[in-house]
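Remarks on the structure that follows.
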Amino acid sequence: MDQIIVQILNGLDKGSAYALIALGLTIIFGTLGVVNFAHGALFMMGAFCAVITSKILSASHKIVDETRTDFLGNPLEVDTFYVQEWFGMAAGQTIMEWAVPIAILFAVPVMILVGFAMERGLIKHFYKRPHADQILVTFGLALVIGEIIKYTFGANPIQTPAPPAFTGSLDFGVFLGFEAQTIMYPYWRLVYFFFSAMIIAGVFAFLQFTTFGMVVRAGMADRETVGLLGIDIDKRFTFMFGLAAAVAGLAGVMYAPIVAPNYSMGLDFLVLSFVVVVVGGMGSLPGAVAAGFLLGILESFASMPVVIDVLPGINQIIIYLVAIVILLTRPRGLMGRKGVMEE
Amino acid sequence: MSKSNFTRRGVMKTGAAAGAALTLPTYLRADGHAGFTNAPGDSEVVLGFNVPQSGPYADEGADELRAYELAVEHINGGGDGGMLSTFSSKVLDGTGILGREVKYVTGDTQTKSDAARASARSMIEKDGAIMITGGSSSGVAVAVQALCQEAGIIFMAGLTHSNDTTGKDRKANGFRHFFNSYMTGAALAPVLAAQYGTDRKAYHLTADYNWGYTTQEAIQSSTEAMGWETVNTVLTPLTQTDFSSYIAPVLNSGADVLVLNHYGGNMINSLTNAVQFGLRDAQANGVNFEIVVPLYSELMARGAGPNIKGILGSQNWDWKLENELGAKYSGTNAFVQSFGTKYGFPPSQAAHTCYVQTLLYADAVTRAGSFAPCAIDEALSDFEFDGMGNGPTLYRGSDHQCFKDVLVVRGKENPENEFDLVEIVEVTPVEQVTYAPDHPQMGGAEASLGECNNGA
């Protein structure tokens, strides 16, 4: 029983990431009709916003310490951090340690701008092209972004730790009556789950309860009619692309302490997120979220040693197996709408 | 009326034969004048450096490439000469190899066996490389070694730690300076027993490819011989980034030690997840829970950050070796000085083994007086040398594996600078890590080098 609870918890944080990426993908597909294979790269760029923020906050200059020597026997150059000089040792240390939450402030405008630039600069030229062309150009873009990141930051993952207040694990089992240390769950993963839930709720609220959101939903349902009413729907859709980029970026920023960012993390998530979108139903926002959590939890269960012992390799194909079963029984996905990608 | 000798059938036969001859790889053609593949001209000789320049081990590959360039510079008489001044063999005089200037070409293995073979094949066929060296993955090393054997080219392995490279997949044209999984087990197990006791229960997470298998086998057998019990062994996909599903069940498995048979990004991520899930702070079976990383690397330690502190593992070499343990490990400081002056930071163990392999090749050719692979095979087999940073070393003839001391290291608790990440816990003497050539972990009695191949 305890192992089942552990894997459900594990699936929740992975599912949160899938859900956030799939949400952005669905927004872009629903508004602009574009299959954006560069969306995983946006997630990765978000994670690297955390890395960059951490590096900026840890910026330092060298002071030569004549009493010590470096590995070549020369006087040692010691790093002195600017934030500690400006704000004092303790405050400066705290600022550096809280780099990931602070990175949210940096990532939101950056990712919205990246989204605008991507949509206006490249993707808008492919609106009337076949989906295959869109996939090729966005996938190519994802590869280019990945290589730029690797050239700049190297190939190895870069540790971006959570603030000290959120390191360590919660003894979750104690709350459920289990013995101590039976179900341990890292604090930051709980933070990630609740953060994702807030972002998802915020996006839904924005679309559901604001005039802007209402127009966007109307445009998703019938773009032509909304245009005939004199509303510049293209501008709103461009904004939605920026919003989707920001959602993917935020998912990446907060994921950085869970898995150390590296240049290929976008592609790792991209394919699975597309499966999530298809299983949830193309164009369905609730479907994307539900399928994200469902497949995240299933993937966790499939990675349990007892399951792998019985079905070796199942952990690597479970998501695709489930996708096949769901698409055979419900061809439009869990919550797919009639008419989407069917003309 | 003259009668033509050309017939339709004759033309077709001749054309087919000519076409077949043209499509035959160049290294399979007879090289009558020299008797071996890619015999160099009188002025220069080309070496092929096949390293991961992209993919998950690109950082290791970049450091290997720096070392190769430094070695070429020293062999050609440039720089401060590095280890040439400490190497026990004195035949290299800075005039290249047998009077020929050393040139090099580079290839990108992408850490994929097929890409690595294609890259090596291109360097042999198009660039005329006479020796291929490199790698940062045992899968790649085994694949490229087999290609070199077939082509009649010497392969000087870079960073490859799997037993298979000089075990069941050993080849007469292949040579490895780096240590292997068996040696890690033999060196690490006594230290683990001394530090954590002999009544321990281990849980292995293992990368799902040949290096992972041989490392798990080596650690498992050596720790069980010390009294440890293995509770479970789980294979993890090489592409895995989030190991939480694999880590979460460990604490309730009855184990009190987690062995991470992971390397590079895999190890950085699995260790990070293990720390996140509180394993470092946990207690199990009445003792502190411990984590072990059998194969260390400085680049990995840098990536893992503070999570690596206090964790035991093994290394082939460390840049602090001579300073901390004396002149027995001479060559270390000479190499660190050369490398550090040129690049601004100390070399990794990947860089060290690649630099040494290049010098050893140049030395073997010079002593043999020939670039022919079989002559080099003879010169390197059972060659004993010193002054290359590892102390007295033997290149054993029966499997082409170097035998030397092995380092047991630990992540440093209070590093003084960004390069001071590991501390040397113990140097295991070579006698303790030496094994019979037909050891079961090395392919048993059936494993054989085969015949050396000159190619022509």
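The values are calculated or read from the model by the stated rules, or taken from the named source; none is laboratory data. Since the model is a prediction, treat every value here as computed from it, not as a measurement. In this analysis, Cβ positions are derived from the backbone assuming ideal geometry, glycine residues included, and neighbour counts consider all displayed protein chains.
Numbers below:
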read-out	value
Of all residues making up the stretch B:103-152, the number that are at pLDDT 95 or above, assigned to a strand (DSSP E or B) and of a type outside the set (D, E, K, R)	6
Unique residue being hydroxyl-bearing (S, T, Y) and in contact with a helix residue (DSSP H, G or I) (Cβ under 6 Å, 6 or more places away or on another chain) when the list is A:T67, A:T80, A:T26	A:T26
Candidates A:M184, A:M214, filtered to the one that is within 14 Å of another protein chain (Cβ to nearest Cβ) and among the hydrophobic types (A, V, I, L, M, F, W, C)	A:M184
Filter pass, A:G283 being surrounded by fewer than 20 Cβ atoms within 10 Å (Cβ to Cβ), outside any helix (DSSP H, G or I) and either away from every other protein chain (no Cβ under 14 Å) or modelled with pLDDT of 85 or more (or both)	no
Residue ID - surrounded by the fewest Cβ atoms within 10 Å (Cβ to Cβ), chosen from residues in the stretch A:31-49 that are more than 14 Å from chain B (Cβ to nearest Cβ) and of a type in the set (A, V, I, L, M)	A:V35
Residues within the stretch B:95-121 that are touching a Gly at 6+ places or on another chain (Cβ under 7 Å) and free of Cβ contacts under 8 Å to residues at least 24 places away in the same chain, tallied	1
Residue that is nearest to the chain's Cα centre (by Cα), among those in the stretch B:82-94 that are touching a residue at least 40 places away in the same chain (Cβ under 8 Å) and surrounded by fewer than 18 Cβ atoms within 10 Å (Cβ to Cβ)	B:S88
Scan of the stretch B:363-394 for residues that are of a type in the set (A, V, I, L, M) and either surrounded by fewer than 24 Cβ atoms within 10 Å (Cβ to Cβ) or under 13 Å from B:F175 (Cβ atoms) (or both), ordered by number	B:A364, B:V365, B:A368, B:A372, B:A375, B:I376, B:A379, B:L380, B:L394
One residue from B:F289, B:F345 being of a type in the set (A, V, I, L, M, F, W, C) and over 22 Å from the mean Cα position of the chain (by Cα)	B:F289
Subset of the stretch B:340-358 that is buried (at least 24 other Cβ atoms within 10 Å of the Cβ) and touching a helix residue (DSSP H, G or I) at 6+ places or on another chain (Cβ under 6 Å) - its residue that is nearest to the other protein chains (Cβ to nearest Cβ)	B:P347
Filter pass, B:G48 being assigned by TED's automatic domain parsing to the domain that holds B:F339, farther than 25 Å from A:S264 by Cβ, in a strand (DSSP E or B) and small (G, A, S)	yes
Enumeration of residues in the stretch B:274-288 that are surrounded by fewer than 24 Cβ atoms within 10 Å (Cβ to Cβ), at the interface with another protein chain (Cβ under 8 Å from one of its Cβ atoms) and assigned to a helix (DSSP H, G or I)	B:D281
Filter result for the condition that a residue is more than 12 Å from the chain's Cα centre (by Cα), away from every other protein chain (no Cβ under 11 Å) and crowded, with 23+ Cβ neighbours inside 10 Å, over A:I28, A:I56	A:I28
Yes/no for B:G77 being free of Cβ contacts under 8 Å to residues at least 24 places away in the same chain and in the same structural domain as B:G139 (by TED's automatic domain parsing)	yes
Subset tally (residues that are touching a strand residue (DSSP E or B) at 6+ places or on another chain (Cβ under 8 Å) and in contact (Cβ under 8 Å) with a residue 60 or more places away in the chain) for the stretch B:141-163	8
Qualifying residue in the stretch B:311-322 (condition: among the charged types (D, E, K, R), out of contact with any Pro (no Cβ under 8 Å at 6 or more places or on another chain), more than 10 Å from chain A (Cβ to nearest Cβ) and not in a helix (DSSP H, G or I))	yes
Number of the exception - B:I291 against (1) more than 10 Å from every other protein chain (Cβ to nearest Cβ); (2) touching a residue at least 40 places away in the same chain (Cβ under 8 Å); (3) not in a helix (DSSP H, G or I)	(2)
Count of residues meeting criterion [assigned to a helix (DSSP H, G or I) and not small (G, A, S)] in the stretch B:202-255	17
The stretch B:317-341, residues that are in contact with a strand residue (DSSP E or B) (Cβ under 8 Å, 6 or more places away or on another chain) and either closer than 12 Å to B:G391 by Cβ or of a type in the set (A, V, I, L, M) (or both)	B:W317, B:L321, B:L325
Residue match in the stretch B:434-441 (condition: buried (at least 19 other Cβ atoms within 10 Å of the Cβ) and among the aliphatic types (A, V, I, L, M))	no
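Each row is one residue, and each column tells you yes or no for (1) in a loop (DSSP other than H, G, I, E, B); (2) in contact with an Asp or Glu (Cβ under 9 Å, 6 or more places away or on another chain); (3) at pLDDT 85 or above.
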| site | (1), (2), (3) |
| --- | --- |
| A:G252 | no, no, yes |
| A:L272 | no, yes, no |
| A:A288 | no, no, yes |
| A:G292 | no, no, yes |
| A:F301 | no, no, yes |
| A:I308 | no, no, no |
| A:N315 | no, yes, no |
| A:L321 | no, no, yes |
